[in-house]
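Every read-out reported here was derived from the displayed coordinates using simple, explicitly stated rules and does not represent laboratory data. Quantities reported herein were computed from a predicted structural model and do not represent experimental measurements. Cβ atoms come from the backbone with ideal geometry, glycine included; neighbour counts cover every protein chain shown.
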4 protein chains.
Amino acid sequence: MLVVMKNDATQSQVKAVIQEIERMGYRGVPMPGAQRTAICIVGNTGPVDDSGLLVLEGVKETVRVTKQYKLVSRETHPQPTTITVGDIKIGEGKPVIMAGPCAVESEEQALTIARLVKKSGAKVFRGGAFKPRTSPYSFQGLGEEGLKILAKVRDETGLLIVTEATDNSSLELVDRYADIIQIGARNMHNYSLLRQAGHASKPVLLKRSFAATIEEWLMSAEYISSEGNSQVILCERGIRTFSDNTRNTLDLSAIPSVKQVSHLPIIVDPSHAAGRRDYVIPLSKGLSLSAPTACWSRCTTTPPTPSPTGCSPSTPSSLTN
Amino acid sequence: MLVVMKNDATQSQVKAVIQEIERMGYRGVPMPGAQRTAICIVGNTGPVDDSGLLVLEGVKETVRVTKQYKLVSRETHPQPTTITVGDIKIGEGKPVIMAGPCAVESEEQALTIARLVKKSGAKVFRGGAFKPRTSPYSFQGLGEEGLKILAKVRDETGLLIVTEATDNSSLELVDRYADIIQIGARNMHNYSLLRQAGHASKPVLLKRSFAATIEEWLMSAEYISSEGNSQVILCERGIRTFSDNTRNTLDLSAIPSVKQVSHLPIIVDPSHAAGRRDYVIPLSKGLSLSAPTACWSRCTTTPPTPSPTGCSPSTPSSLTN
Amino acid sequence: MLVVMKNDATQSQVKAVIQEIERMGYRGVPMPGAQRTAICIVGNTGPVDDSGLLVLEGVKETVRVTKQYKLVSRETHPQPTTITVGDIKIGEGKPVIMAGPCAVESEEQALTIARLVKKSGAKVFRGGAFKPRTSPYSFQGLGEEGLKILAKVRDETGLLIVTEATDNSSLELVDRYADIIQIGARNMHNYSLLRQAGHASKPVLLKRSFAATIEEWLMSAEYISSEGNSQVILCERGIRTFSDNTRNTLDLSAIPSVKQVSHLPIIVDPSHAAGRRDYVIPLSKGLSLSAPTACWSRCTTTPPTPSPTGCSPSTPSSLTN
Amino acid sequence: MLVVMKNDATQSQVKAVIQEIERMGYRGVPMPGAQRTAICIVGNTGPVDDSGLLVLEGVKETVRVTKQYKLVSRETHPQPTTITVGDIKIGEGKPVIMAGPCAVESEEQALTIARLVKKSGAKVFRGGAFKPRTSPYSFQGLGEEGLKILAKVRDETGLLIVTEATDNSSLELVDRYADIIQIGARNMHNYSLLRQAGHASKPVLLKRSFAATIEEWLMSAEYISSEGNSQVILCERGIRTFSDNTRNTLDLSAIPSVKQVSHLPIIVDPSHAAGRRDYVIPLSKGLSLSAPTACWSRCTTTPPTPSPTGCSPSTPSSLTN
């Protein structure tokens, strides 16, 4: 349920409503808007009796929220959310390119690619310092060393940094070094990590699990928001289907689907979806011109140099935008 | 295997090669190109001994075809195929819009919609006279009566006509009345119908079955081509996945996948994939600007009028472009 | 809607009800039961006004049918259907084994395998005379010649024969030679063929398409039943999923799902689902002891002999039970 | 690569081989067998030069391991692994039933159900103290309080306890109280948690993610094994497909697939796969008699009592075996 305050409601009236909500056994999350504040009631499992709320000073009306997710729903926040990171705005309609290598391997590799992607128009540099690998024997990333390299890339190029956190300890470090914290597809159901990301100081880029419905994805975003971090960017990266012509099947319709029910910005990762360098341009051409608010891509230097990460351009997972 | 003839090879030399191929127990299909003719050997299950062919007059070389599909493969026909229907060219790079109602219901309904879609820029009118319905009790289309209405729509508006054939007898009729014969997704594996379409006089629009791999789809196109009708247009219309936010999941990556291995033109049907009127524009925006060579959509009159087809705008399967 | 007649209703009363249903613009299909007859109304698209029926002589009550499929629904026929073919009963609870090669290749091959499968306890011999092949260049079956071999197998071994019909002309032949007509997974949506099978004289074994929901499968069975042939046996053979450890994923839960909503017998084909000879026994062990009423398997002679069909034991699609 | 020691190799020879492996930059994991020890080399990304190993005292031969997973592969451990927990053996061929409620709600609820499931023949009691919920607002389990109740259930009934750990802190607690640590499907890709489970003192029951291939699942088991805990039990619980008749599609063929390539025991959870109480018995009948080594089910008291967990028998996720 959403408690909508009058335009001229005071801060102390908002506070009184939140206290009453807590007295009822729930939690009240204020959602300030351009004109007025609304307070979202979370924590109820059934219908809420609003009689004690409607009589409070400054309350205009109450609105039932029909979805299981509340804070990320358009019902509680009809206007699309814009997330400001450095000097860029994600969700404002202008595509933002995020690009970079699969993993950070060395300062030289990172800087070389970063200069290339900057020249191509990217505003955000991506590159993994902590890599969630299918095999325990694969290169797991440079760790904090990689984060320091990323920070250096930002200093030298002005590009903003997005990089993945894979558990509680890496999240703390990523929050310190990066501009955007990535939660990967494999951790979309890792609720413990999502909760911790809800306490982070940076925006969170939440990738869709390759088998998650839109509803499940938004519930994972709700985990982050419900802990206090409302700066969530969704990222569609392809789903797992019978189709074997690409590694994943990019679910383009996720974009209008999400936009219809949520106010969060959504971006697209065509390189993960395709798993092939030569499909990124056809896929991106359509995508970046249409619905999503950002486009995300792995990049590598050309010509390829041997790399310990398995992400050199000779492997199908590496792509040049 | 492909037998490539010299630039100055004569018709009788081509004929001699075909006769030798037949003597070997296979079939030779001539594929004339801008510069020279190649002859595709079909019907072999294993490697072909080309020693008897290389010695023939006019033969330049032989090329092994690695795919199971041959005539529709880029290996045998490196240049993209353009299909000319009336005054339009499908596959030339300029998007062609095909639009119209699910089913033809009456002359008035068809003409009203046809005038609307023409005004919107469509060149081809679609509408079903024979409808493959999940339920035996649903309206199955007006049959030949519907085809006569479609012919009238062409006469009055100048739009070209594409409509579905569902079995051998309807295919004969559709071939007579329409400009393009549609084979629907549910009949993509109906090899008997595909073979017959290979003898039709009109181009065939072959929809991808909702569970077909790219390979299986091209093999179905090969069925049509191998019977003599090389005018095949592929149409991606969404695949069946776990994802429940849309009726089907549009597999955008099918477009570069097909283009890479086949010379056939490919178009996209975002309305079937989405199953929702309000998703067609976001999906089409991206699509029509990028890879496919045509865009296909169901349209209906506004405001909706009661209809016996279950395809009125109030149902999710009806869409206005 | 189902019109339930009184226990002592006469044939002329049943006839009068059917006439009244026809007068209302629908069709009435009598469904005789052990105690009394019910008449299923088909052809209505919305609710039926039963006031004119309830007043007729011999009518006990009317019952609304909630599913789109009617004749194959448990609502109209609560008792499970048993189908008698020769001296076997399919659907009675005792497993019936159907086994044989992918394709009939020669009299010797067919007889050799038939004797083996008979010794193993099979009651029905399967083998294709008409093969629906992904490639137009693959062996398409021996045609009527194959059917004659199958008839000879029956004469010599006493095994009953099930074989596939792929289009209208082969269906006519299969109906003449075989004991059970198979409609394959790829033709489950071929409504023209299903309708014709509804006029055949033999029971129809209807395989589930690899991407069909239970609802769609039952609607295809309804196509056959609504044309007059109520002898339909369903066959689960695996669905297409992301999982790549087997060719298809056997959907074991389809058995209780179908049994709950339909009275038709259901059998299982573990060999197609697995696509691997060594998985058939583990899969069958569980299956044949539990829910399905029959088990279906491809068999081949051992040791394998070269075959033109691509179904010799060296290929993954061939299995010895 | 596997270094196979001679039957009479001494401990110090084994140690010398491990030291040489470490000197080469890899890690050597000894795998003692009935007759002799083998040492698995992990950490290599390419082929290993075995010339320095073959010359060492006590080395019989080296064997290349072709799979990415090594310790859990049949190649390195041809005999099936049996895991002993209390007085039961998992993987010995005799089915072991594990049953209990979705979540532990109270001592009374847990004990009531535990007595029921014990009477039905179950040896292991399941019930969640830490629940990974799609919604942040759902009941998240009683936490350590729930673990204490489970310990009491063991004391009173003699049933062994399996319960889920969802993050590092709950894993520590579960390791202390339970007999088997469950890693749920949503955490199958949570490599940080898997690594920690590799240091736990109790066997780990690793559920297959609903979108994981067999290869990915075994790689997750390898994460646990490679940290030192070789006591891993795999649990198939249904995959996500287009099929909507059950919540998930039980992938029965995963059992022979896993058994073929891995020595780990595998059990089946038909209740999660079906999501319907009435399907568990048909599914289990087949399953428990055939391949898997254990069967897992949710149970609830009858008649249902209101519960805060959303797992009362009135919801589709609750099942009585």
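Structural remarks
- Remark: A:T157, A:T249 ranked as A:T157, A:T249, counting other beta-carbon atoms within 10 Å and listing the fewest first.
- Between the amide H of B:N229 and any residue lying 5 or more places away or on another chain, no distance stays under 5 Å, with hydrogens modeled in the peptide plane.
- Across peptide D:244-250, the mean count of Cβ atoms from other chains lying within 10 Å of each residue's own Cβ comes to 6.
- Ranked by how many other Cβ atoms sit within 10 Å of their own Cβ, fewest first, the residues C:M1, C:M188 fall in the order C:M1, C:M188.
- Cβ-defined net charge surrounding D:I97, 11 Å radius [Lys, Arg +1; Asp, Glu -1]: +4
- Chymotrypsin sites (Phe, Trp or Tyr not before Pro) within the range A:133-207, DSSP loop, no more than 15 other Cβ atoms inside 10 Å: none
- The range B:229-256 and the range D:157-187 have their alpha-carbon centroids 43 Å apart.
- Eligible lysines near C:K118 by straight Cα distance, threshold 20 Å, same-chain separation 8 or greater: C:K89, C:K94, C:K148, C:K152, C:K285
- FRET E, pair C:R74, A:K67, Förster distance 45 Å, beta-carbon r, rounded to 0.05: 0.80
- Among chain C residues, the beta-carbon with the smallest distance to the axis carrying C onto B is reported, with distance in whole Å, as C:A211, 2.
- Estimated from the Cβ-Cβ distance and a Förster radius of 51 angstrom, the FRET efficiency linking D:D87 and A:Q19 is about 0.35.
- Gyration tensor verdict on the range C:60-147 (Cα atoms; rounded if a/c is under 1.5, prolate if a/b is larger than b/c, oblate otherwise): oblate
- Here the spin labels are modelled as points 7 Å beyond Cα on the Cα-Cβ line, and at D:M31 and A:H199 they lie 4.1 nm apart.
- Between copies, the label points at D:E227 (set 7 angstrom from Cα along Cα-to-Cβ) are spaced 1.9, 6.0, 6.1 nm, reported in nanometres from shortest to longest.
- Residues C:L234, A:L111 arranged by fewest to most Cβ contacts within 10 Å: A:L111, C:L234
- Over the range C:164-269: Kirkwood hydrodynamic radius from C-alpha pairwise inverse distances, Å: 13.8 Å
- Residues B:E144 and D:Q11, FRET efficiency given R0 of 51 Å [Cβ-Cβ distance, rounded to 0.05]: 0.05
- Straight-distance crosslink candidates among aspartates and glutamates, where the alpha carbon sits under 20 Å from B:K67 and sequence neighbours closer than 8 are dropped: A:D244, B:D49, B:D50, B:E75, B:E215, B:E216, B:E222, B:E227
- Label-point spacing for A:G93 across the identical copies (point 7 Å from Cα in the Cβ direction), in nm and ascending order: 3.1, 7.0, 7.2.
- Proximal lysines relative to A:K6, as straight alpha-carbon distance under 16 Å, when same-chain residues fewer than 8 apart are discounted: A:K15, A:K60
- The residues neighbouring A:Q140, those whose beta-carbon lies less than 9 Å from its own, together hold a net charge of +2 under the Lys/Arg +1, Asp/Glu -1 convention.
- Placing a label point 7 Å from the Cα of C:T45 along the Cα-to-Cβ line, the residues of the range B:133-154 whose backbone N sits under 14 Å from it are B:133-143.
- When the alpha carbon gyration tensor of the range D:164-216 is reduced to an equivalent ellipsoid, its three semi-axes come out at 19, 10, 9 angstrom, largest first.
- Dipole in debye (nearest 20) - the range C:2-63, about Cα centre, beta carbon charges: Lys, Arg +1; Asp, Glu -1: 160 debye
- Normalised radius of gyration (Cα atoms, divided by 2.2 N^0.38 Å) for the range B:2-63: 0.99.
- Neighbourhood charge, 13 Å Cβ-Cβ cut-off, centred on D:E75 and excluding it, Lys, Arg +1 and Asp, Glu -1: +3
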